[in-house]
Amino acid sequence: MPFWVQHAEKRVNTQYQQVGLSSDEVVELSASFRLYGFWRIELDSGLFFATEDVCRIFGMEPQEGPINLMAVTARIHPEDMPRLMETFERASAERLTYHNIYRVRTDAEDYKYVRSVGKFRDKAGSAGEVVGLTYEFFAQRPGVTFFLNDMPGDQA
């Protein structure tokens with residue numbers, strides 16, 4: 001699979017305000033149908049903090065406090081890992097916003113696609129941190145509509 005990454009040059013998007021949406025509603029809509037989690041990595045300590053959905057995307061039990069970054073990276077396809085590390089290092093050094101698409105192990109043989117969007121953030125008294133979100137991709141289903149009350153199991 002050819003790896004793909006893009007560094008952002010786009011301005012901050014506040015278009016949702018033009019149609020009367022709040023930032024909370026934007027997050028609610030974005031996270032309505034798939035796992036959609038948030039994370040941060042402290043550059044000085046290397047500690048990785050993640051929400052419940054990030055843990056579930058990576059097949060891990062949610063927990064309070066720092067997450068085992070080695071356990072997370074062990075679930076990323078080995079062909080994708082070097083490019084992810086390169087992207088993270090560049091974003092940290094050059095204070096960039098980026099996104100990339102990569103594969104995460106679902107079982108012994110299969111992988112799913114996920115997308116992460118991250119950015120460097122200054123943090124007083126430290127080297128800063130990289131913060132972001134990760135969500136699952138899923139197959140396109142033309143002509144199919146889903147409603148939250150129609151979702152099977154705990155997907156809603």
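One table, with the values for the structure above:
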quantity	calculated
Potential lengthening between Arg90 and Asp122 on full extension [0.36 nm per residue; Cα-Cα distance subtracted]	10.0 nm
Stretch gain in nm, segment Ala31-Tyr16, where the contour uses 0.36 nm per residue and the Cα spacing is subtracted	3.8 nm
Rough spin-label spacing in nm, given labels placed 7 Å along Cα→Cβ, for Leu43 and Asp24	3.3 nm
Estimated vicinal HN-Hα couplings, Hz - the stretch 34-42 in sequence order (Karplus 6.51, -1.76, 1.60; Gly, Pro = x)	9, 4, 8, x, 10, 8, 8, 10, 7
Residues of the stretch 14-45 with amide N under 11 Å of a point placed 7 Å along Cα→Cβ from Val131	39-41
Whole-Å distance, taken between Cα centres, linking the stretch 76-143 and the stretch 49-63	14 Å
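Each value in this text was obtained by applying a stated rule to the coordinates, not by laboratory testing. For clarity, every value in this text was computed on a predicted model and none was experimentally measured. Reconstructed Cβ throughout: ideal geometry from the backbone, glycine too, with neighbour counts over all protein chains shown.
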